[in-house]
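> Below you'll find the structure I mean.
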Amino acid sequence: MSGAPKPMTRAARRAARLDATAAHLSRLSVPQDSGWLGRARADALERLRTLGLPERRDEYWRFTDPSVLSAETAAPAEVFRITDEPVVFSDIDRLRIVFTDGEFDQQASDDLTAEGLEVTRLAEAAQADIHWAQDVYGKLEERGQQPVPRPLATLNSAMARDGVLIRATGKVARPVSLIYRRQKEAADMVLHHVIRVEPGAEMTLLENGPAAARYSIVTEACIGAGGMLHHVRTQGRDHARSGITHLFVRMDKAAGLKSFTLSANGRVLRNEAMIWLDGEGGSAHVAGAAMGDGDFHHDDTVFIDHAAPRCESRQVFKKVLRNGAVGVFQGKILVQRPAQLTDGYQISQSLLMDERSQFLAKPELEIYADDVKCSHGSTSGEIDADHLFYLRSRGVPEAEGKNLLVLAFLTEALEEIARDDLAEDVRSRLESWLGRHRH
Amino acid sequence: MLEINDLHVKLEEEDKAILKGLTLSVKAGTVHAIMGPNGSGKSTLAYVLSGRGGYQVTGGSAMLEGQELLDMEPEERAAAGLFLAFQYPVEIPGVGNMTFLRTAVNAQRKARGEEELSSGDFLKAVRAKARELKIDAEMLKRPVYVGFSGGEKKRNEILQMTMLEPRMCILDETDSGLDVDAMKLVSEGVNALRDAGRAFLVITHYQRLLDHIQPDVVHIMAEGRIIKSGGPDLALEVEQNGYADLLAEEGQKA
Ligand SMILES: Nc1ncnc2c1ncn2[C@@H]1O[C@H](COP(=O)(O)OP(=O)(O)O)[C@@H](O)[C@H]1O
Ligand SMILES: [Mg+2]
């Protein structure tokens with residue numbers, strides 16, 4: 001007798017997931033390394049076998065379908081070339097580290113020696129028996145499996161073919177710029193970077209470039225006492241790509257982080273950030289401006305863990321969505337019991353340019369300390385008709401007026417970029433994006 | 001300059017008529033004042049002329065120098081020379097005053113086929129005009145009207161008018177909320193713009209303003225129509241006796 005299939009039990013579902021994951025892993029060719037990196041990869045694989053790969057029905061993936069990101073192979077996507085404007089950051093004096101189709105490109109890169117910085121390619125560091133990065137590689141990612149598993153980051157720890165290890169020992173003004181170039185249609189890029197900002201040191205990390213048809217980038221960063229990490233990245237314009245990034249940051253006493261991401265288009269793109277404020281008086285800002293046009297799906301998932309007193313955190317996420325684009329924000333502030341006098345702020349807002357576009361938000365606060373200041377807000381709105389009329393009544397054409405209002409909407413996120421020249425550069429990308437419509 | 005003929009306007013969303021056959025003719029080089037009780041439709045008239053949404057024109061016309069305003073987009077009306085100083089200027093966080101004003105000036109110039117102003121020339125002009133209106137140049141760096149006092153907003157509206165050099169200027173209760181000194185500054189700003197090729201429609205409740213900006217014609221508006229027009233004396237009459245007598249007179253006619 002055959003009836004309706006029985007619903008699976010939790011245990012059966014888990015077993016099925018782990019079986020599927022094991023089968024998936026058996027078909028991958030994991031890079032072979034000896035030494036500490038080999039061990040880190042083996043650990044990651046082991047972790048992955050117990051975590052399992054993500055599935056659509058996971059609460060954590062409620063708004064974004066992980067299947068494209070976890071599929072064994074990447075679907076080829078047309079290579080997009082920017083010809084109508086200079087590439088972002090081109091006018092900034094910076095140390096350029098180029099990856100082409102996910103592989104370090106020595107010829108295109110600058111000499112990696114720089115005052116106050118120690119820069120090593122992942123593949124080279126792996127040859128060394130001992131390297132400072134071995135205490136970080138895969139370690140923050142492992143810590144980041146709580147409270148929610150992030151198996152795609154673990155997969156990255158196991159599979160990353162390249163990456164860069166950067167140690168800042170002084171205050172370095174010249175940004176380190178990671179440039180992701182792309183030549184192959186089917187490029188599937190898996191990069192893993194490790195950053196260590198020593199106590200009192202400071203550096204700026206830039207990231208840009210079309211990268212690949214699909215990419216996964218994990219960045220693990222430790223910021224020592226009083227250290228500062230600036231991070232500005234753009235994920236631009238090549239619409240067909242999909243990608244996932246994870247930023248894991250552990251912060252010591254009075255450390256500072258300012259991370260800003262500009263995303264323009266992208267079929268499926270998820271940026272996860274997981275920040276641990278472990279030391280007293282730390283300050284973590286994570287911000288993003290996303291602009292989607294058409295079949296765009298953009299997801300920002302942020303978790304900020306206040307473990308120590310007197311820390312400040314700020315999440316500012318703004319999304320402009322048109323032609324049926326979808327924006328997602330999942331953001332959480334966790335304030336642990338010892339984290340008295342926490343100042344936590346979170347805002348996520350979307351500007352919907354039409355009725356077909358949508359914004360899905362899940363803001364969360366979880367607070368165990370009693371003397372804290374935390375606020376969060378999430379809104380979805382349209383262009384304000386009175387504002388637009390006011391601008392038009394002064395002679396500003398409708399389209400230009402809308403652009404001014406869109407930029408105004410994004411301003412709070414842009415203000416999270418500390419350096420004026422970088423902020424200006426990003427702002428001009430936004431302006432040119434506003435002038436282009438895909439439909 | 002401005003010829004409004006039998007204008008009928010209702011709210012778009014409701015069946016509520018607001019302007020009910022308004023006729024008004026303003027010649028170049030003149031200043032017309034409109035007075036009238038609250039709710040008589042003065043602001044609606046100003047909005048409809050400048051093209052705000054939410055209203056439906058059910059009849060009549062409004063011509064600016066021979067062009068039908070009601071067929072144009074708001075920005076086209078501005079480029080054609082129409083300007084409204086708002087009764088309640090809006091705050092627009094994130095849009096810088098200067099950026100906005102420069103965009104507006106250049107958009108209008110472009111629409112008229114004129115050369116755009118360089119940022120240097122623009123800055124120089126704004127600074128000079130702001131000084132005359134005693135507007136702090138620092139304030140102009142802020143977003144549009146964010147943190148401006150009521151009086152500062154109104155003065156800034158006049159600054160915009162001065163920069164845009166419109167031919168038909170409508171001032172909707174620009175005097176409300178101004179202290180005596182600010183009123184003088186605003187009036188001086190307006191008077192400096194008076195010339196043979198420009199006209200003004202000044203909506204106000206108070207004779208005070210009309211002491212500074214001498215009108216050629218005064219209209220009384222009630223229930224969506226002009227019920228009486230006359231010389232500057234009419235404003236004095238209203239100031240002394242209120243609208244009651246005029247409204248009663250109008251009631252008898254009906
Ligand atoms: N958008 C609107 N929605 C609802 N009522 C309106 C709207 N605009 C105007 N009105 C109504 O129309 C009438 C005229 O208003 P208004 O033009 O502001 O008068 P005034 O400026 O002479 O005081 C009032 O009764 C007002 O409530
Ligand atoms: Mg009014």
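> Considering only DSSP beta bridges whose two residues both sit in chain B, what percent are antiparallel, to the nearest 5?
Percent antiparallel among DSSP bridges in chain B is about 60.
> For segment B:78-155, give the magnitude of the charge dipole about the Cα centre (Cβ charges: +1 Lys/Arg, -1 Asp/Glu; no others), in debye to the nearest 20.
Approximately 140 debye in magnitude.
> A follow-up question, please. How much FRET efficiency would the formula 1/(1 + (r/R0)^6) give for A:Glu115 and A:Glu398, where r is the Cβ-Cβ distance and R0 is 56 Å, rounded to 0.05?
FRET efficiency, A:Glu115 to A:Glu398: 0.65.
> Taking the Cα centre as origin and putting +1 on Lys and Arg beta-carbons and -1 on Asp and Glu beta-carbons, what dipole magnitude results for segment A:29-383, to the nearest 20 debye? All intermediate terms of the calculation are to be shown ahead of the outcome.
Numbers: 41 positive and 51 negative charges, 62 e Å.
That gives segment A:29-383 a dipole magnitude of about 300 debye.
> By count of other Cβ within 10 Å, fewest leading, how are A:Asp188, A:Asp371 ordered? List each step's numbers first, then the result.
Details: A:Asp188 20, A:Asp371 9.
Ranked by crowding around the Cβ, least crowded first: A:Asp371, A:Asp188.
> Continuing with this model, one more query. Just for the protein assembly as shown, what percent of DSSP beta bridges are antiparallel, to the closest 5?
20 percent
> If the chain between B:Arg112 and B:Met139 were fully stretched, how many nm would it gain, using 0.36 nm times the residue separation less the Cα-Cα distance?
Length gained between B:Arg112 and B:Met139: 6.8 nm.
> Relative contact order (percent) for segment B:137-254, with alpha-carbon contacts under 8 angstrom and 6 or more residues of separation?
The normalised contact order for segment B:137-254 reaches 20 percent.
> For peptide A:407-416, how many partner chain Cβ atoms fall within 10 Å of a residue's Cβ, on average?
3
> Below 8 Å between Cα atoms, with a sequence gap of 6+, how large is the relative contact order for chain B in percent?
This gives 28 percent for chain B.
> Let me ask you something else. Quick one: plug the Kirkwood hydrodynamic radius of segment A:274-428 (C-alpha pairs) into Stokes-Einstein at 37 °C, 0.692 mPa s, and report D in µm²/s.
197 µm²/s
> Sticking with this one: In whole Å, how far is the Cα centre of segment A:315-347 from that of segment A:6-46?
Result: 31 Å between the Cα centres.
> Where the centroid of each part is defined by its Cα atoms, how far is segment A:153-185 from segment A:199-236 in Å?
When both Cα centres are located, 8 Å separates them.
> Once the Cα gyration tensor of the protein assembly as shown is diagonalised, what are the square roots of 5 times its eigenvalues, in whole Å and ordered largest first, as equivalent ellipsoid semi-axes?
Values for the protein assembly as shown, descending: 61, 27, 23 Å.
> Can you give me the convex hull volume of the Cα atoms of segment B:2-253, divided per residue and expressed in Å³?
128 Å³
> Roughly speaking, what is the centre-to-centre gap between segment A:79-140 and segment A:382-412 when only Cα atoms are used, to the nearest Å?
40 Å
> May I ask you to evaluate 6.51 cos²θ - 1.76 cosθ + 1.60, the Karplus curve with θ = phi - 60°, for each residue of segment A:137-152 and list the ³J(HN,Hα) values in order in whole Hz, giving x for glycine and proline?
4, x, 7, 5, 4, 5, 4, x, 7, 10, x, 10, x, 10, x, 5
> Based on alpha-carbon positions alone, could you give the equivalent ellipsoid semi-axes of segment A:191-300 from the gyration tensor, as √(5λ), descending, whole Å?
Largest first, segment A:191-300 gives 28, 12, 11 Å.
> Shifting gears a bit: Out of residues 5 or more away from A:Phe260 or on other chains, whose amide H comes under 5 Å of its own, with H placed 1.01 Å from N in the peptide plane?
For A:Phe260, whose amide H was placed from the backbone, the distant partners under 5 Å are A:His231, A:Val232, A:Arg233, A:Ala287.
> Sort A:Phe329, A:Phe63 by Cβ crowding within 10 Å, fewest neighbours at the top.
A:Phe63, A:Phe329
> How large is ³J(HN,Hα), in whole Hz, for each residue of segment B:89-97 in order, when computed from phi with the Karplus curve 6.51 cos²θ - 1.76 cosθ + 1.60 and θ = phi - 60°, using x for Gly and Pro?
x, 8, 8, 10, x, x, 9, x, 3
> Given labels modelled 7 Å from the Cα in the Cβ direction, how far is it in nm from B:Ala192 to A:Glu382?
The answer from the label model is 4.1 nm.
> What translational D, rounded to a whole number of µm²/s, comes out for segment A:1-51 from Stokes-Einstein when the hydrodynamic radius is the Kirkwood one over Cα pairs, at 25 °C and 0.890 mPa s?
Details: Rh = 13.1 Å.
Using the Kirkwood radius from Cα pairs, D works out to 187 µm²/s.
> Ok, one more. Report, in deg cm²/dmol and to the nearest 500, the calculated mean residue ellipticity at 222 nm for chain A, where each DSSP H run with n ≥ 4 adds -39500 (n - 2.57) and the sum is divided by the residue count.
-6500 deg cm²/dmol
> Something else about it: May I ask you to compute the full-extension gain from A:Asp65 to A:Leu365, defined as 0.36 nm times their residue separation minus their alpha-carbon distance, rounded to one decimal in nm? Let's see the in-between values first.
Values: separation 300, 0.36 × 300 = 108.00 nm, distance 2.44 nm.
Residue separation times 0.36 nm, minus the Cα-Cα distance, leaves 105.6 nm.
> Here is a further query. Put +1 on the Cβ of each Lys and Arg and -1 on the Cβ of each Asp and Glu in chain B; which of B:Gly113, B:Leu247, B:Ala128 then has its Cα farthest toward the positive end of the dipole?
Toward the positive end, the furthest listed residue is B:Ala128.
> For segment A:29-383, compute Rg over Rh where Rg is the Cα radius of gyration and Rh is the Kirkwood radius from the inverse mean 1/r over Cα pairs.
Details: Rg = 19.2 Å, Rh = 20.4 Å.
Over the Cα atoms of segment A:29-383, Rg/Rh equals 0.94.
> OK, next. Find which of B:Asn5, B:Leu84, B:Ala182 sits farthest along the positive direction of the dipole of chain B, computed with +1 on the beta-carbon of Lys and Arg, -1 on that of Asp and Glu, about the Cα centre.
Looking along the dipole axis, the top candidate is B:Ala182.
> Sequence gap at least 6, Cα distance under 8 Å: using those rules, report the relative contact order of chain A to the nearest whole percent.
Reported relative contact order: 11 percent.
> If you put +1 on each Lys and Arg Cβ and -1 on each Asp and Glu Cβ, how big is the dipole of chain B around its Cα centre, in Debye rounded to 20?
So the magnitude is around 620 debye.
> Put +1 on the Cβ of each Lys and Arg and -1 on the Cβ of each Asp and Glu in chain A; which of A:Trp61, A:Ser242, A:Val406 then has its Cα farthest toward the positive end of the dipole?
The one lying farthest along the dipole's positive direction is A:Trp61.
> At a 10 Å Cβ-Cβ cut-off, how would you order B:Asp216, B:Asp136, A:Asp299, A:Asp162, fewest neighbours first?
Ordered by Cβ neighbours within 10 Å, fewest first: B:Asp136, B:Asp216, A:Asp162, A:Asp299.
Laboratory data are not the source of any read-out in this text; all were calculated from the coordinates shown. Model, not experiment: these values are computed from the prediction. Ideal geometry is used to build each Cβ from the backbone, glycine not excepted, and the neighbour counts take in all protein chains shown.
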